[in-house]
Amino acid sequence: MTPMVLLASAIAGIVLMLVLIIRFKLHPILTLLIVSMFVALFAGMPAAKIVPAIEAGMGKTLGHIAVIIALGAMIGKIVEISGGAHVLARDLIARFGDRRAPLALTLAGFLIGIPVFFEVGVIMVMPLLYGVSNVSRRSLMIFALPMCAAMLTVHSFLPPHPGPAAAAAQIGANMGRIVAFGVPITLMVCGAGALIAQRMTRREFTYAPDIRAAISACEDGTFDAAPDVSAHALPSADPPGFWLIVGLILLPIALIMLGTTVSLILSPGSSYTGTAHLIGSPVTALLLDTLLAGYTLGLRRGWSFEQVSTVIGSAVPGVAMVILIAGCGGVFGNILVESGIGHVISGILRTTGLPALVLAFILSMILRAVQGSTTVALVTTAGILGPMISEMHANPNQLALLALAMGGGGLSVSHVNDAGFWIFTKLSGIDVADGLRTWTVLTTTLGVLGFLATCLLWPFVS
C-alpha cells in the first residue's frame with residue numbers, strides 16, 4: 001500500500017472511532033476492536049494476519065498491566081471498605097486546621113487517588129465533603145473542586161491507573177521511572193490546583209436542591225463517620241489508624257522507586273540486580289501491599305479470611321472493563337504497527353518539526369477532548385506515536401517523560417462527553433455552565449502545567 005492509502009486508513013479509523021463512541025454511544029471495547037479490524041482491512045493487511053495481530057496486541061498490553069490494575073483496585077477496595085479514606089481526610093483536616101481544610105483535602109485527594117479509581121473516589125468522598133461544608137458553613141465547591149481535581153490528576157499521571165499503565169506498556173517506558181518523575185510532578189500540579197481552585201470558588205454557587213438538602217442534613221461530626229460496610233457483613237471495628245493508611249498507600253510507590261534506584265546503582269551483572277528488579281517491580285510491590293492491607297485492615301480488625309477475600313474479589317468486576325479497554329487500545333496500536341501505518345505517521349509527524357513531547361501532549365489532549373475517556377486517549381496516543389518513539393531511541397528517562405506528557409493531555413478538557421464531568425457536577429450540585437467554567441478550565445490548566453513540568457525536565461534527561 002502507498003503511504004497516502006495507509007495515512008487515509010488511520011484517519012478513517014480515528015474518525016470511525018469518534019463517530020461510534022460519540023454518536024452511537026458504542027462501548028469502547030467494541031469500538032476499538034471494530035476500528036482495529038477496519039483499519040487493518042483498509043490498509044491492505046492480509047486477512048490471515050489480522051487476528052494474530054489482534055491477539056498479539058492484546059497479549060502484549062495486558063501482559064504488562066492487567067495484574068497491576070487489578071492489584072491496585074484491590075488495595076483501593078480494602079481502603080474504601082475499611083473507612084481508611086475517611087480517616088485520611090478527617091485527620092488531615094484536623095492537622096491542617098479549618099482554615100487550610102481545602103489544602104488538606106487536596107492532599108487527601110492525592111493520596112486517595114493513588115489506589116482508588118477517580119469515579120469511585122468522588123462517590124466515596126462526597127458525603128465527607130457535605131459534612132465538612134455543613135460544619136464549616138462554607139461553600140461545598142471550596143472543598144470539592146480541589147480534592148476531586150487532585151484525584152483526577154493522579155488518575156491521569158500515575159500507575160496503577162489504566163491509562164498511564166497502558167501508555168507506558170505500549171511505548172516501553174519503565175513504570176518505576178514514571179513514578180519517580182510523576183509523583184513530584186503530580187504533587188506540584190495538585191498544589192497548583194488548590195491555589196487556582198481557591199480563586200475560582202470565591203464567588204457564590206447555586207446548588208441543586210437535592211445537594212443543598214444533603215448538606216443541610218449533615219450534622220456536626222457527620223464527616224467523622226466511616227462508610228457503611230453492612231452490605232459486606234463485616235464486623236464493627238474502630239477506624240484504621242491515619243499513618244497505617246498513609247503507609248499502605250505509599251509502600252508500593254516506595255518499593256518501586258527503591259527497586260529502580262538500586263538497579264541504577266548496581267552494575268548490570270550484580271547478583272543483587274535481579275533481586276532489586278523483583279522487589280521493585282509494580283507487580284511485586286502491589287502484591288505485597290495487597291496482602292499487607294488485607295491483614296492490617298481486615299484480619300487484624302476482626303474480619304475473617306472469607307470476608308477479606310470477598311472484599312478483595314469485589315474489586316475485580318469493577319476494573320474488568322477498564323482492563324479490557326486498555327487491552328483493546330493495545331490491539332489498535334499493534335494494528336497500526338503491523339500494517340505499516342505507524343511508520344508512515346511517524347514520518348509525517350517528524351516533518352511537522354514538533355518535538356515528540358509536544359506531539360504526545362497535543363494528540364492525547366485532542367483525543368481526550370473529542371471522545372471523553374482519559375484511558376482511550378492515552379492508549380490511542382501511545383499506539384499512534386509508538387513507532388515514532390521507537391525510532392527516536394529515547395533513553396528510559398525520556399520515555400517516562402513522554403508517558404507523563406500524554407498524561408497531561410489526558411487530564412485536560414474534561415467536559416460534557418466525559419463521565420467524570422457528570423459525576424462531579426451532579427454530586428457537587430452545580431449546573432453545566434458552572435462545571436465548564438470551573439471543572440473544565442481547572443483540569444485543562446492542570447494538564448498544561450503537568451506538560452510544562454515535563455518540558456522543564458526534558459533537557460536534564462537528554
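The values are calculated or read from the model by the stated rules, or taken from the named source; none is laboratory data. Bear in mind the structure is a predicted one, so any value in this text is a computation, not a measurement. Note: ideal-geometry Cβ built from the backbone for every residue, glycine included; neighbour counts use all protein chains shown. Keep in mind that these areas ignore ligands, DNA and RNA; they rest on the heavy atoms of the full protein, side chains included. Shrake-Rupley method; radii C 1.70, N 1.55, O 1.52, S 1.80 Å.
The table that follows gives values for the structure above.
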| item | result |
| --- | --- |
| FRET efficiency estimate (nearest 0.05) - Cβ-Cβ, K60 to S270, R0 35 angstrom | 0.75 |
| Protein-only accessible surface order, largest first, of R350, R90 at 1.4 Å | R350, R90 |
| Value of relative contact order over the chain, rounded to a whole percent, pairs C-alpha under 8 Å and six or more apart | 25 percent |
| 0 to 90° range, to nearest 10: angle between helix 3-18 axis and the chain longest Cα axis | 20 degrees |
| Exposure of R212 as accessible area (Å², to 10), given a probe of 1.4 Å and all protein chains | 120 Å² |
| Residue-normalised accessible area of the chain, expressed per residue, 1.4 Å probe, Å² | 40 Å² |
| Nearest 10 degrees, 0 to 90: helix 175-200 Cα axis against the chain principal axis | 60 degrees |
| Rounded tilt (10° steps) of 341-351 against the dominant C-alpha axis of the chain | 90 degrees |
| Computed FRET value (nearest 0.05) for S304 with A208, which takes r as the C-beta separation and R₀ as 41 Å | 0.50 |
| Mean residue ellipticity (222 nm) of the chain, computed from DSSP H runs ≥ 4 via -39,500 (n - 2.57), nearest 500 | -25000 deg cm²/dmol |
| The range 243-296 pair-distance distribution - Cα-Cα, 5 Å bins, rounded % | 4, 23, 26, 19, 14, 8, 4, 1 |
| Nearest-10 value in Å² for the accessible area of I389, using the 1.4 Å probe | 10 Å² |
| Nearby lysines by direct alpha-carbon distance to K77 (threshold 28 angstrom, same-chain neighbours under 8 apart not counted) | K60, K426 |
| Protein-only accessible surface order, largest first, of H277, H27 at 1.4 Å | H277, H27 |
| Bins of 5 Å, starting at 0 and running to the largest distance - Cα pair percent for the range 372-445 | 3, 16, 22, 18, 13, 11, 8, 6, 3, 1 |
| Carbon plus sulfur fraction of accessible area for the chain, probe 1.4 Å, in percent | 69 percent |
| Residue-span extension gain [T352 to L278] - 0.36 nm each, minus C-alpha spacing | 22.5 nm |
| Spin-label model distance (nm) - V461 vs V316, 7 Å beyond Cα toward Cβ | 3.4 nm |
| Three semi-axes of the equivalent ellipsoid, the chain, Cα gyration tensor, whole Å, largest first | 37, 26, 21 |
| Two-decimal log10 I(q)/I(0) for the range 1-112, as the Debye equation yields it once each C-alpha is a single scatterer, q = 0.10, 0.18, 0.20 Å⁻¹ | -0.58, -0.93, -1.04 |
